[in-house]
Amino acid sequence: MSLGISALIILLSPLVGALVLIFYKDKSEIKSSVIANISIFISFIFSLMLFIIFLFNSSTTYNYSNLVWFESNNLIFTFGLLVDSLSVIMSFIVTFISMFVHIYSIGYMKNDKSFNRFLIYTNFFTFSMLVIIFSNNFLQLFIGWELVGLSSYLLIGFWYKKPTAIYANMKAFLVNRVGDIGLLLGVILIFINISSLDYMRFFDSLPDLSNTSISLGSLSFDLLPIIALLLFTGAAAKSAQIPLHFWLPDSMEGPTPISALIHAATMVTAGIFMVARLSPLYDLSAYVLDIILFIGVLTAFLMGLVALVQTDIKRIIAYSTISQLGYMTVSLGASYYSFAIFHLLTHAFFKALLFLCAGSIILKCHHEQSIEKMGGLREVMPYTYYTYLVGALSLVGFPMFSGFFSKDLIIDLFKFHGDYLTYTILISGIFVTTIYTFKIFFKVFFGPNKLKIKKTDQIEHSDVIIIPLLGLAVPSIVIGFALFDSALFNDFFKSSITDSGRLETIYNDFVRSSLSFTLHSFLTFNFLALVSGLILSYILYYKNYQIPKNVTQKLESIIIYVKREYGFTHLSDVFFPRIFNNLSNMLWKKTDVAFLDNFIVNGIANRIRIFSSSLRLIQTGYIYHYAFTMIIGLLILLLFFYNF
């Protein structure tokens, strides 16, 4: 079977599943689950086949453009499939996570009245994400981008009778529209300058476009940096980077499986994927890479601090997601796109695992989400306990776990290049990440059983919840080590990303091998920061050490400031809504009320009424008044004709 047919099956199978679920009359949970899971499983099997093929031969790019949407003179819009190492590994991630989330949802969403609708949304979301991944042109990318936005809006607000869910999905929708405007403007600039939206045509035109500028009034700007910056605006909104990050924590109002699917492994990584896909552009974008690096560093560290002061288990993991996306963005800003995708890969598995563990805990705790009210669940939930520990060790970057190989590689990159400021900030991020990750661990699984959850002889949950935890725990341990030498540093991304030459230098001069990299890590500041964070978390949350009151009083104002996301919460919830409310009120009063209503509609009617009222005065009903009027009219006519 050709690669094009395989990619088409991967793409269309979730869509077919969604359509069958819509029109199939039997809406029972069992049959809906079978249809949804089979469609995703087919996509996963073909994705796995392509991934294995490209592991052994990743040098060839397969570009298909067969279906013409629109054609006029030299203008052609096509539907195409780009199958290369980048699209293959992304489809593997999306379908793998989606498959286990669908299995998990059978248990988590059991007896929900809208179970069938939930599966329709998740299948449609998976299809939308795959449209982005396999696109070979900007038009198709933009369509997939908007479909992902639509499906995430539906999923975040799945429980539409819950006011907080409606508020969250509206916030996510509006913030992503801001980014979409930037993406659309970037795509329009590309089309204006090359009269095509095809990736390869655009990449071939980059040498000519690098000498092109655009004018805005009396100002002139280089074209490529402007395009790169506009496209990154869309990526920053989708991947929740400062200052467009504040929609992601609120989106936790959706069902927990959605948090694992959208906000850990797939939707939020779309921006990272797009920048990596357009790496030839960003290599020529000058100062834009510095902006990306700066935003990534801020996001990685500052959002980690916000996670540290949260008590809601899902919000802690959500802020952790934003922080880890910051690490990926840092790697993009350093123009090491492959490292960003590698961290995207490992992060997808361990973060999805952590979210599903959180869902398991929430179910067991009768939908309680505050870790301050939990405790003592280690004996009650052994499977969740051990799988959460695996995800936690991978997240903090403990040596030999998957997250270590990807995250430490990004951090050590800056030490290798002598950028010690960025290196120090990212190491501080390890310290913070370890504290809040094990804060959950100690508060949930140790200490007194505050909710009085009883231990039983039965397994903690049904198999459909336990199997995904175990299934995701395996790659969270091994996939980083397995692909470190064999894929990342073996030219896996050579045909799809432009940084292959830089990777060879890093490997020969610094990394050498996965084993050498691991052994060396025990002697680095990275490991020291990790151990320090673990010890501090143990003291604070296991031993429950009470910080002196004079210290807490000094830190109180800082903690409040961090909880408010450095003012971003006020900006998003108060400042901007107030501005737009005042602006809309002013426009309503000046345009709708003053101009349209009072001047046009009511104004004309009032003037006609005044005129008709004045004219009515001569309608007296007396014959001599009418005779007098006729005589006056006749005299006027005689005078008129006399003059002519």
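The values are calculated or read from the model by the stated rules, or taken from the named source; none is laboratory data. Owing to the predicted nature of the structure, the values given are computational and were not obtained by experimental measurement. Heads up, the Cβs are rebuilt from the backbone with ideal geometry, glycines too, and the neighbour counts pull from every protein chain shown. For accessibility, only protein heavy atoms count, side chains too; no ligands or nucleic acids. Shrake-Rupley method; radii C 1.70, N 1.55, O 1.52, S 1.80 Å.
Computed values, structure above
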read-out: Given (1) more than 21 Å from Leu345 (Cβ to Cβ); (2) touching a residue at least 12 places away in the same chain (Cβ under 8 Å); (3) of a type in the set (A, V, I, L, M); (4) open to solvent by 10 Å² or more (accessible area, probe 1.4 Å), number of the condition Val390 does not satisfy; value: (1)
read-out: Subset of the range 594-631 (residues that are more than 30 Å from Ser584 (Cα to Cα), open to solvent by 70 Å² or more (accessible area, probe 1.4 Å) and among the hydrophobic types (A, V, I, L, M, F, W, C)); value: Ile608, Ile610, Phe611, Leu615, Leu617, Ile618, Ile623, Phe628, Met630, Ile631
read-out: First in the range 394-419 and touching a residue at least 24 places away in the same chain (Cβ under 8 Å) and on the phi > 0 side of the Ramachandran plot, second anywhere and of a type in the set (D, E, K, R) and open to solvent by less than 40 Å² (accessible area, probe 1.4 Å), Cβ under 7 Å, 6 or more apart; value: Gly397/Lys407; Gly397/Asp408
read-out: Residue in the range 394-401 that is assigned to a loop (DSSP other than H, G, I, E, B), in contact with a helix residue (DSSP H, G or I) (Cβ under 9 Å, 6 or more places away or on another chain), more than 15 Å from Phe522 (Cα to Cα) and open to solvent by 10 Å² or more (accessible area, probe 1.4 Å) present; value: no
read-out: First in the range 110-128 and in contact (Cβ under 8 Å) with a residue 24 or more places away in the chain, second anywhere and hydrophobic (A, V, I, L, M, F, W, C) and open to solvent by 30 Å² or more (accessible area, probe 1.4 Å), Cβ under 7 Å, 6 or more apart; value: Ile120/Ile22; Tyr121/Leu154; Phe127/Leu15
read-out: Options Phe46, Phe51, Phe56: the member that is surrounded by fewer than 17 Cβ atoms within 10 Å (Cβ to Cβ) and not β-branched (Val, Ile, Thr); value: Phe56
read-out: Residue satisfying condition, being hydroxyl-bearing (Ser, Thr, Tyr) and surrounded by fewer than 22 Cβ atoms within 10 Å (Cβ to Cβ), within set Tyr383, Tyr327, Tyr337; value: Tyr383
read-out: Any hit, the range 596-607, residues being basic (Lys, Arg), at pLDDT below 80 and over 52 Å from the mean Cα position of the chain (by Cα); value: no
read-out: Neighbours by Cβ (under 8 Å, 6+ apart or cross-chain): first from the range 540-558, hydroxyl-bearing (Ser, Thr, Tyr); second open to solvent by less than 80 Å² (accessible area, probe 1.4 Å) and outside any helix (DSSP H, G or I); value: Tyr542/Phe446; Tyr542/Gly447
read-out: Number of the condition not met by Arg578 [criteria: (1) open to solvent by 60 Å² or more (accessible area, probe 1.4 Å); (2) over 29 Å from Leu174 (Cα atoms)]; value: (2)
read-out: Boolean, Met274 is among the hydrophobic types (A, V, I, L, M, F, W, C), within 14 Å of the chain's Cα centre (by Cα) and under 17 Å from Gly182 (Cβ atoms); value: yes
read-out: Inter-residue pairs, beta-carbon under 8 Å, first touching a residue at least 60 places away in the same chain (Cβ under 8 Å) and in the range 292-317, second in a strand (DSSP E or B) and open to solvent by less than 30 Å² (accessible area, probe 1.4 Å), 6+ apart; value: Thr311/Ser370; Asp312/Ser370; Ile313/Ser370
read-out: Subset of the range 190-204 that is open to solvent by 20 Å² or more (accessible area, probe 1.4 Å) and over 16 Å from Gln140 (Cα atoms) - its residue that is nearest to the chain's Cα centre (by Cα); value: Phe203
read-out: Breaking point among (1) modelled with pLDDT of 90 or more; (2) under 13 Å from Lys443 (Cβ atoms), for Gly376; value: (1)
read-out: Sole residue being assigned to a helix (DSSP H, G or I) and of a type outside the set (Lys, Arg), chosen from Phe232, Phe221; value: Phe232
read-out: Every residue from the range 200-228 that is hydroxyl-bearing (Ser, Thr, Tyr) and touching a strand residue (DSSP E or B) at 6+ places or on another chain (Cβ under 6 Å); value: Ser213, Ser220
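Residue-wise test of (1) crowded, with 24+ Cβ neighbours inside 10 Å; (2) over 16 Å from the mean Cα position of the chain (by Cα); (3) within 21 Å of Tyr108 (Cα to Cα).
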{"residue": "Lys238", "(1), (2), (3)": "yes, no, no"}
{"residue": "Phe246", "(1), (2), (3)": "no, no, no"}
{"residue": "Gly254", "(1), (2), (3)": "yes, no, yes"}
{"residue": "Ala260", "(1), (2), (3)": "yes, no, yes"}
{"residue": "His263", "(1), (2), (3)": "yes, no, yes"}
{"residue": "Thr266", "(1), (2), (3)": "yes, no, yes"}
{"residue": "Ala286", "(1), (2), (3)": "no, yes, no"}
{"residue": "Leu302", "(1), (2), (3)": "no, yes, no"}
